[in-house]
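Visitor: I'd like to ask some things about the structure below.
Bear in mind these aren't lab numbers, they're just calculated from the coordinates by the rules spelled out. This one's a predicted model, so the numbers in the text were calculated from it and none came from an experiment. Neighbour counts are summed over all protein chains in view; Cβ atoms, including those assigned to glycine, are modelled from backbone coordinates with ideal geometry.
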2 protein chains.
Amino acid sequence: MVRELLLAHGNGGEETWTIIKDLFLKYLDDPILSKLEDAAVVPLEGHIAVTTDAFTVSPIFFRGGDIGKLAVCGTVNDLAAMGARPMYMTVSFILEEGMSLEDLETVVRSMGDTARSLGVRVVAGDTKVVPKGTADGVFIVSTGIGRVVYPGLSSHNVRDGDIIIVTGTIGDHGACILAAREGLDFETHLESDCAPLWDMVEALLKEGVEIHAMRDPTRGGLSAVLHEWARASGVSFVVDEQSVPVREEVRGLCEFLGLEPYHLACEGRMVLAVAEESAERVLEILRQHPLGTNAAVIGRAQKGKPQVLLRTAYGTHRFLEPPMGELLPRIC
Amino acid sequence: MVRELLLAHGNGGEETWTIIKDLFLKYLDDPILSKLEDAAVVPLEGHIAVTTDAFTVSPIFFRGGDIGKLAVCGTVNDLAAMGARPMYMTVSFILEEGMSLEDLETVVRSMGDTARSLGVRVVAGDTKVVPKGTADGVFIVSTGIGRVVYPGLSSHNVRDGDIIIVTGTIGDHGACILAAREGLDFETHLESDCAPLWDMVEALLKEGVEIHAMRDPTRGGLSAVLHEWARASGVSFVVDEQSVPVREEVRGLCEFLGLEPYHLACEGRMVLAVAEESAERVLEILRQHPLGTNAAVIGRAQKGKPQVLLRTAYGTHRFLEPPMGELLPRIC
């Protein structure tokens, strides 16, 4: 029995058919996907959100998830950030010759389970196998399609006076991957926050609260989101360091490695810019959701030069730099 | 000046912003893409075709195209094969640290030029940079979205008596890549057929001819298409070897390397299964189009066991095997 992926699995012929039938269709079962046409045909109507992301995370298995679950969560969360209900996904796999078929099966199963639990249908896919040494195990690119049910969310829409809220502790995913990479993961309880956020976001949007912008702080972390918003909306932010929820283990790892948790990726959190009068209600709704129990107000947007200021525990201020330099490749 | 891609270009922060602004947005200019939201929001209505493909071709530059043009053509052609007018694309880049920025620029420009010439808008994108040695130069995954204007095309829809037509010579792309890979390309005039087919397909569909199935014979070539149709529609095919248009150079390379042109990829051809009464008209329309001058009837579908028979020049028959084994990795 073959236990490793062969170049032949990517030939577009018999062996490709075998792996599609016995592996991909087994776990990503969908009547549209199973037709194996050149393109999937789906009914759509209205304002449709479309997002694409490449996932190259290393290691592909980590505490709290794997690259398959991560691809679905990352895709769904990008749609959710635009107020869009996730409906369909496409997935492309770039696989390295020789990778373990058991690992691939675990990844695809995890992807299928996560998508199914969200009612998201995987309708189209592609698989390429490249010779050993020209990729590293498995890369996944997923594209998500959803219907915008709450229009108007935009990084260009943050306003003077908006309250900044995070839905939970920051940096968990980044710290978990970093620890695994540095061989520190057996000494800690670090776990990725990898989770799909549409359910929580929908609970919020249904309530008619006034949210101006939403973004999941993945690569580049909270810092990247705030700097992007500052640039796009022409505002500055003041963040109260003591209000930002950070797990003890994450803080410890950051101190040990000389990093800031603000730059570490999350995969199950949202950052929100909320009209002041809605902030309390937003917090209340978030905290009722299992994924939002640690939600917190962390700062405020104000008129001014695009920059991010941190108010320290001592009441002084310092600049939060945008993510720069190599940071952590293959975090997601 | 930096001439090579750095890991920092993938940090999600300042350097990523630079490369997005100075390279990607420069050549893939689009008002929706330029918003740089988590997802693009586009109006859509009706039956929408969605397709995704990973492009890992090596070498990335070849006679007749490059990986950027190929990604657009491959995506558009998959939509066209379902009778869908291409509208939007998303593109994800997985890039290897150290790759030439000039090469990347050439690829992205070529992608932008091809998409623009077709009126296809690139609305969302992603870029990941992975450490040297964990990918090979550039991989592109594109997802295409189009509106089905001619419904009902399906690989499950080929019927007894259908006439099989190819829109041009087969195997040009595969032969070109193969020759480049084997270092034979300086001795030949092999050139990829890489081209976008929607324009020609639309000219055909507008005429109200009866087409049952259409597919672009990429990986696995004509053989893969016919075997897939045989399996999906429960028919067999008889193909007249002498009718299949194959360039002399392609035939020569195949003989030299012991290959069949039927297994070699095309990137600018369609295979059609057409109702007998429409066949002549289809051929006529195709031949009026610059990309269809070599269009030819090559065979016929008939009731029977799913298989593909070739009628040789001597009037005997032989089986055309489905693509099997390693064939040619990284052909597209």
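Visitor: Can you work out ³J(HN,Hα) from phi for every residue in segment A:179-194, in order, using Karplus 6.51 cos²θ - 1.76 cosθ + 1.60 and θ = phi - 60°, giving whole Hz and x for Gly and Pro?
Guide: So the J values, rounded to whole Hz, are 5, 4, 5, 8, x, 9, 6, 7, 8, 10, 10, 4, 9, 5, 8, 2.
Visitor: If you take every residue apart from B:ILE60 with its C-beta less than 15 Å away from the C-beta of B:ILE60, what net charge results, scoring Lys and Arg +1 and Asp and Glu -1?
Guide: Surrounding charge for B:ILE60 is -2.
Visitor: Under the definition of partner shielding as Cβ atoms of other protein chains within 10 Å of a residue Cβ, what is the mean value for peptide B:13-23?
Guide: Per-residue shielding by partner chains comes out at 4.
Visitor: Label points 7 Å out from Cα along the Cβ direction at B:GLU210 and A:GLU260: separation in nm?
Guide: So the label points at B:GLU210 and A:GLU260 sit 6.9 nm apart.
Visitor: Once you've got the GNM for chain A with C-alpha springs shorter than 10 Å, pick whichever of A:ILE177, A:ILE285, A:ILE163 has the biggest mean-square fluctuation.
Guide: Of the options given, A:ILE285 has the highest mean-square fluctuation.
Visitor: B:GLU102 versus B:LYS35, label points 7 Å from Cα toward the beta carbon: distance in nm?
Guide: It is 3.8 nm.
Visitor: Give me the net charge for the shell around B:GLY10: Cβ to Cβ below 11 angstrom, other residues only, Lys and Arg +1, Asp and Glu -1.
Guide: Local charge sum for B:GLY10: -2.
Visitor: Over the Cα atoms of segment A:251-332, what radius of gyration and what Dmax do you get, in Å?
Guide: Cα-based Rg and Dmax for segment A:251-332 come out at 15.3, 40 Å.
Visitor: Please list, short to long, the whole-number percent of alpha-carbon pairs of segment A:75-160 in consecutive 10 angstrom bins beginning at zero.
Guide: Bins of 10 Å from zero give 16, 38, 26, 15, 5, 0 percent of pairs.
Visitor: Would you mind calculating the relative contact order of chain A from Cα pairs under 8 angstrom and at least 6 residues apart, reporting the percent as a whole number?
Guide: Value for chain A: 23 percent.
Visitor: Say each of A:SER117 and A:LYS305 gets a label point 7 Å from the Cα, pointing the same way as Cα to Cβ; how far apart are those two points in nm?
Guide: According to this spin-label approximation, the distance is 4.6 nm.
Visitor: Something else now. Could you list B:LYS128, B:LYS35 in order of exposure, starting from the residue whose Cβ has the fewest other Cβ atoms within 10 Å?
Guide: Going from sparsest to densest Cβ surroundings: B:LYS35, B:LYS128.
Visitor: Add -39500 (n - 2.57) for each DSSP H run of 4 or more in chain B, then divide by its residues: what number comes out at 222 nm, to the nearest 500 deg cm²/dmol?
Guide: -8000 deg cm²/dmol
Visitor: Sticking with this structure for a sec: Mind ranking B:192-203, B:292-303 by how tightly packed they are, going by the mean number of other C-beta atoms within 10 angstrom, highest first?
Guide: Result, highest mean first: B:192-203, B:292-303.
Visitor: Take the Cα radius of gyration of segment A:7-148 and divide it by 2.2 N^0.38 Å, with N its residue count; two decimals is plenty.
Guide: Here the answer is 1.02, to two decimals.
Visitor: Something else about it: Which residue, A:CYS73, A:CYS176, A:CYS254, has the most motion in a Gaussian network model of chain A that connects Cα atoms within less than 10 Å?
Guide: Judging by the Gaussian network model, the answer is A:CYS254.
Visitor: Something else now. If I fit a long axis through the Cα atoms of helix B:221-233 and take the longest principal axis of the Cα atoms of chain B, what angle between them do I get, 0 to 90°, rounded to 10?
Guide: The two axes meet at around 70 degrees.
Visitor: Name the residue, out of A:GLY64, A:GLY220, A:GLY119, whose mean-square fluctuation peaks in a Gaussian network model built on chain A with Cα pairs under 10 Å.
Guide: In the Gaussian network model the winner is A:GLY119.
Visitor: Taking beta carbons within 10 Å but only from partner chains, what does the mean come to for residues A:129-135?
Guide: That works out to 6 on average.
Visitor: Among residues other than A:VAL107 whose Cβ falls under 14 Å from its Cβ, what is the net charge (Lys/Arg +1, Asp/Glu -1)?
Guide: Here the count lands on -4.
Visitor: Give the shape of the protein assembly as shown as rounded, prolate or oblate, defined through the alpha-carbon gyration tensor: a ≥ b ≥ c are the square roots of its eigenvalues, a/c under 1.5 means rounded, and otherwise the shape is prolate if a/b is larger than b/c and oblate if not.
Guide: prolate
Visitor: Step by step: find N for segment B:200-301, compute 2.2 N^0.38 Å, then divide the Cα radius of gyration by it. What's the final number?
Guide: 1.09
Visitor: Let me ask another. What does the copy distance list look like for A:GLY98, label position 7 Å along Cα→Cβ, in nm and ordered from shortest?
Guide: Taking the point 7 Å beyond Cα along Cα→Cβ, the inter-copy spacings are 1.7 nm.
Visitor: Let me ask something else. So, in Å, what gap is there between the alpha-carbon centers of segment B:171-231 and segment A:150-173?
Guide: Comparing the Cα centres of segment B:171-231 and segment A:150-173, I get a distance of 47 Å.
Visitor: Quick check on the exposure proxy: order A:THR90, A:THR316 from fewest to most C-beta atoms within 10 angstrom.
Guide: Ascending Cβ contact count within 10 Å gives the list A:THR316, A:THR90.
Visitor: Measure out, as a whole number of angstrom, how far apart the alpha-carbon centroids of segment A:18-89 and segment B:42-93 sit.
Guide: Going from one Cα centre to the other spans 18 Å.
Visitor: Also, I was wondering about something else. Hey, any idea what the orientation-averaged projected area of the convex hull of chain B's Cα atoms comes to, in nm²?
Guide: Projected over every direction and averaged, the Cα hull of chain B covers 17.5 nm².
Visitor: Something else: May I ask which residue of A:VAL91, A:GLY146, A:HIS189 lies farthest towards the positive end of the charge dipole of segment A:52-204, with charges of +1 (Lys, Arg) and -1 (Asp, Glu) on Cβ and the Cα centre as origin?
Guide: Ranked along the dipole, the leading option is A:GLY146.
Visitor: Still on this structure, please answer the following. What list do you get for A:ILE60, B:ILE140 if you sort them by fewest beta carbons within 10 Å?
Guide: By the 10 Å Cβ count, ascending, the order reads A:ILE60, B:ILE140.
Visitor: Let me ask something else. Using the 7 Å Cα-to-Cβ label point, sort the distances from B:GLU255 to its equivalents in the other copies shortest first and give them in nm to one decimal.
Guide: Nearest to farthest, the other copies are at 7.7 nm.
Visitor: Note the distances from B:ARG116 to each other copy's matching label point, with points 7 Å along the Cα-to-beta-carbon direction, in nm, sorted shortest first.
Guide: When each copy's label point is compared with this one, the spacings are 4.6 nm.
Visitor: So what is the relative contact order for segment B:1-119, in percent, with contacts set as C-alpha pairs under 8 Å and at least six apart?
Guide: 39
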